[in-house]
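The values are calculated or read from the model by the stated rules, or taken from the named source; none is laboratory data. Quick caveat: nothing in here was measured; it's all calculated off a predicted structure. Methodologically, a virtual Cβ is constructed for each residue, glycine included, from the backbone with ideal geometry; neighbour enumeration extends over all protein chains shown. These accessible areas exclude ligands, DNA and RNA; they are computed on the full protein's heavy atoms, side chains included. Shrake-Rupley method; radii C 1.70, N 1.55, O 1.52, S 1.80 Å.
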Amino acid sequence: MMDNLRTAANSLVLKIIFGIIIVSFILTGVSGYLIGGSSNYAAKVNGQEISRGQFENAFAGERNRMQQQLGEQFSELAANEGYMKTLRQQTVNRLIDEALLDQYSRHLGLGISDEQVKKAIFATQAFQSNGKFDNSRYTAIVNQMGMTPDQYAQALRNQLTTQQLINAVVGTDFMLKGETDELAALVAQQRVVRTATIDVNALAAKQSVSDDEIKAYYEQNKNNFTAPEQFRVSYIKLDAAAMPETASDSEVQSYYDQHQDQFTQAQRNRYSVIQTKTEADAKAVVDELAKGADFATLAKTKSTDIISAKNGGDMGWLEDATTPDELKNAGLKEKGQLSSVIKSSVGFLVARLDDVQPAKTKPLADVRDDIAAKVKQEKALDAYYALQQKVSDAASNDNESLAGAEQAAGVKAVETGWFGHDNLPEELNFKPVADAIFNGGLVGENGTPGSNSDIITVDGDRAFVLRIAEHKAETIKPLDAVKDQIATLVKHNKAEQQAKLDAEKLLAELKAGKGDAALKAAGLSFGEAKTLSRTGQDPVSQAAFGLSLPAKDKPSFGTASDMQGNIVLLALDEVKAGTMPEEQKKAMVQGITQNNAQIAFEALMSNLRKDAKIKLGDIITQQQ
């Protein structure tokens with residue numbers, strides 16, 4: 001990897017970040033990172049390994065991205081084994097493509113310099129505060145991505161290299177001015193047409209339909225006339241927020257005494273460091289500082305830690321848990337005190353203690369309200385869980401009704417109106433509740449009464465126990481119930497077929513030069529001429545631009561269906577050459593060249609994949 005980022009990997013700043021990450025692992029557990037098996041590779045691409053760790057990190061990042069994008073919907077997708085297999089396959093395919101691009105870029109001699117990567121990081125707006133690069137913001141965001149700064153820099157290098165390759169492909173596609181002008185005139189072309197409309201609804205009103213036709217249509221399309229499954233539900237809702245509790249002075253005092261750590265900010269120290277590769281360099285820094293040199297200036301010019309150097313060596317505020325042992329053992333006690341040369345795992349350091357914030361415990365008066373709210377919440381939750389168990393037991397013991405559960409809860413059950421799968425009442429609109437209602441487990445067999453549900457918990461410390469009061473299974477509506485609806489459909493279908501036949505006959509007459517008489521006999525006439533543009537999305541406009549060009553004083557004719565389903569006769573009288581503003585023309589050319597470049601790039605990737613030797617590791621093949 002590039003020298004500066006290799007140096008960053010040996011950075012004291014990153015050691016501190018890693019320390020924070022390790023602490024978070026201890027707090028949250030590491031089971032999610034220990035996914036069975038050995039150090040098996042994920043894939044080999046022309047002999048280059050994509051490690052198991054790379055794959056798992058990429059997959060975790062993709063999961064996080066999807067979760068942020070889809071929210072609760074992702075939880076449903078994540079429960080689908082097929083979806084997760086597809087997501088894992090897409091992840092390994094992306095890593096394979098990245099490896100192929102990296103190999104091809106090196107083959108072409110393409111590369112991104114250390115300075116380009118650094119500039120890209122410093123120029124990223126997400127890493128800036130008030131228009132300037134913010135190191136703490138940078139590390140926080142990168143950590144949220146589940147990456148180290150070194151990993152992020154490598155990913156950015158890959159992205160910039162890929163973009164360089166894409167730009168090279170894009171740069172090979174262009175359009176000549178004559179081609180551009182000709183295409184612009186074609187895109188901006190306008191067509192002058194007249195239309196005559198055969199009203200399908202008017203024809204439908206004149207149609208007749210027999211009982212046999214209605215019955216035949218019904219038999220062929222029974223599944224289109226179903227009455228959906230319907231439910232009426234009785235339910236009891238438990239809500240922790242609806243359980244008012246009090247917090248006495250003694251309870252507040254007791255909580256405060258037992259949770260002092262929550263109200264105490266540990267001592268924090270602020271250090272600045274200058275990191276060097278050799279002990280001689282560090283001693284030279286000590287000598288310059290002794291002669292009065294400015295610490296921040298030396299850090300920016302001498303420190304090999306590119307992250308802290310940007311901030312004049314400032315490490316920010318550190319608590320004991322995140323302070324490296326090298327700094328803890330440096331013997332720095334007073335503000336402004338300088339260390340001697342410190343040997344560390346990342347090289348040699350010269351450190352300065354900039355400031356100290358002593359440990360401070362907030363007085364009870366400042367946190368009384370917060371503690372009272374916490375005590376009330378905990379008491380409410382205790383009462384809520386106790387009531388939940390009580391209601392659950394009552395619902396199980398008396399499974400013929402909710403009467404026992406009502407008595408245990410101290411409230412009356414609420415009964416809904418009729419609803420189906422697509423209109424669940426708002427008060428029950430939670431996935432666990434919907435699953436319990438619609439999965440069939442609470443419905444009795446052959447019309448017999450069903451059973452009470454167990455306690456169903458949902459977000460926000462709420463829970464339900466419910467019973468299906470009435471149920472109607474999905475059924476096909478009888479013919480008598482849909483006879484009028486079918487008659488209307490059959491009439492409309494007949495009218496549409498007649499309209500198309502009439503239009504074909506009239507079109508033939510128009511092309512033969514006998515259109516005026518034929519139109520008059522049909523009670524139709526062409527309306528006023530209208531100018532249509534190629535950008536029109538309606539079917540009449542699209543059909544008009546599909547007609548052949550008219551001869552001099554002789555229209556060309558065609559048919560179309562309008563947005564209302566009527567059949568329309570078209571007479572194309574004139575084609576007008578269009579003009580396009582220069583800005584719009586430039587945008588059009590840019591879109592075309594980008595599209596062509598994308599096609600070329602996909603072709604490149606296809607060839608790279610076809611010629612590559614790709615071998616998937618056990619971690620991938622076992623999950624396919």
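Residues of region 255-288 that are in a helix (DSSP H, G or I), at pLDDT 90 or above and surrounded by 12 or more Cβ atoms within 10 Å (Cβ to Cβ): 279, 281, 282, 283, 284, 285, 286, 288. Checking region 35-45 against the condition returns no match, with no residue being of a type in the set (Val, Ile, Thr), modelled with pLDDT of 80 or more and part of a helix (DSSP H, G or I). Selection over region 221-232 of residues that are open to solvent by 40 Å² or more (accessible area, probe 1.4 Å) and either of a type in the set (Gly, Ala, Ser) or modelled with pLDDT under 90 (or both) gives a count of 0. At least 3 residues being over 30 Å from residue 614 (Cα atoms) is the threshold, and among the helices (runs of 4 or more DSSP H) wholly inside region 65-151 those reaching it are 72-78, 114-123, 135-144. Give region 44-79 a look and list any residue that's open to solvent by 70 Å² or more (accessible area, probe 1.4 Å) and aliphatic (A, V, I, L, M), or say none. Hit for region 44-79 is 79, nothing else.
To keep it simple, each residue is scored yes or no on (1) modelled with pLDDT of 75 or more; (2) of a type in the set (A, V, I, L, M).
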| site | (1), (2) |
| --- | --- |
| 68 | no, no |
| 86 | yes, no |
| 96 | yes, yes |
| 99 | yes, yes |
| 102 | yes, no |
| 117 | yes, yes |
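The rows are residues; the columns are (1) over 30 Å from residue 50 (Cβ atoms); (2) modelled with pLDDT of 90 or more.
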residue	(1), (2)
510	yes, yes
543	yes, yes
558	yes, yes
562	yes, yes
574	yes, yes
581	yes, no
589	yes, no
594	no, no
601	no, no
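Residue pairs whose Cβ atoms lie under 6 Å apart, separated by 6 or more positions or on different chains, with the first residue in region 410-425 and over 29 Å from residue 390 (Cα atoms) and the second open to solvent by 60 Å² or more (accessible area, probe 1.4 Å), are 420/228. Screening residue 233 with (1) aliphatic (A, V, I, L, M); (2) assigned to a helix (DSSP H, G or I); (3) under 40 Å from the mean Cα position of the chain (by Cα) gives one miss only, at (2). Evaluate the following for residue 571: is it touching a Phe, Trp or Tyr at 6+ places or on another chain (Cβ under 6 Å), of a type in the set (A, V, I, L, M), within 12 Å of residue 196 (Cα to Cα) and not in a loop (DSSP other than H, G, I, E, B)? Considered against the rule, which asks whether it is touching a Phe, Trp or Tyr at 6+ places or on another chain (Cβ under 6 Å), of a type in the set (A, V, I, L, M), within 12 Å of residue 196 (Cα to Cα) and not in a loop (DSSP other than H, G, I, E, B), residue 571 comes out as yes.
Of the residues making up region 80-125, those that are of a type in the set (Asp, Glu) and surrounded by 15 or more Cβ atoms within 10 Å (Cβ to Cβ) are 97, 98, 102, 114. The single condition among (1) open to solvent by 60 Å² or more (accessible area, probe 1.4 Å); (2) at pLDDT 95 or above that residue 235 does not meet is (1). Residue 214 - would you say it is modelled with pLDDT of 90 or more, assigned to a helix (DSSP H, G or I) and among the β-branched types (Val, Ile, Thr)? Here the answer is yes, as residue 214 does meet what is asked.
Condition test on residue 594, is it of a type in the set (S, T, N, Q), in contact (Cβ under 8 Å) with a residue 24 or more places away in the chain and more than 30 Å from residue 496 (Cβ to Cβ)? Judged against the criteria, residue 594 is a match.
Number of residues in region 416-427 that are more than 17 Å from residue 238 (Cβ to Cβ), more than 26 Å from the chain's Cα centre (by Cα) and outside any loop (DSSP other than H, G, I, E, B) equals 1.
Close Cβ contacts (under 6 Å, 6 or more residues apart or on different chains) running from residues in region 550-562 that are under 13 Å from residue 191 (Cα atoms) to residues that are of a type in the set (Ser, Thr, Tyr) and surrounded by fewer than 16 Cβ atoms within 10 Å (Cβ to Cβ) comprise 556/548. Can you tell me which of 593, 621 is of a type in the set (Val, Ile, Thr) and open to solvent by 50 Å² or more (accessible area, probe 1.4 Å)? Matching residue, one of 593, 621: 621. Residues that are open to solvent by 50 Å² or more (accessible area, probe 1.4 Å) and in a helix (DSSP H, G or I) were ranked within region 428-437; the one that is nearest to residue 471 (Cα to Cα) is 435.
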